Amino acid sequence: MLDFAEYVRELLPEELAEPIIALARPAIRLSIAEEGETVVGRLGGLRRAA
């Protein structure tokens with residue numbers, strides 16, 4: 001997987017890329033596991049029976 005800053009530098013001229021990189025913040029994405037997918041974490045209260 002390409003590093004975000006590296007990717008932006010490849011796409012944009014330096015004078016545009018550097019301000020965009022400076023504004024970038026780490027992020028996470030949460031999603032519900034689909035049938036058959038491995039659950040790798042849980043957020044919140046008690047587990048409900050399926």
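Residues of segment 14-37 being open to solvent by less than 100 Å² (accessible area, probe 1.4 Å), within 12 Å of Phe4 (Cα to Cα) and of a type outside the set (A, V, I, L, M, F, W, C), which ones?
Matches in segment 14-37: Glu18 only.
Let's see how each residue does on (1) among the β-branched types (Val, Ile, Thr); (2) modelled with pLDDT of 90 or more:
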site	(1), (2)
Glu6	no, yes
Leu12	no, yes
Leu16	no, yes
Ile20	yes, yes
Gly41	no, no
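The values are calculated or read from the model by the stated rules, or taken from the named source; none is laboratory data. The model shown is predicted, which means the values in this text are computed figures rather than measured ones. Calculation scope for accessible area: heavy atoms of the full protein, side chains included, ligands and nucleic acids excluded. Shrake-Rupley method; radii C 1.70, N 1.55, O 1.52, S 1.80 Å.
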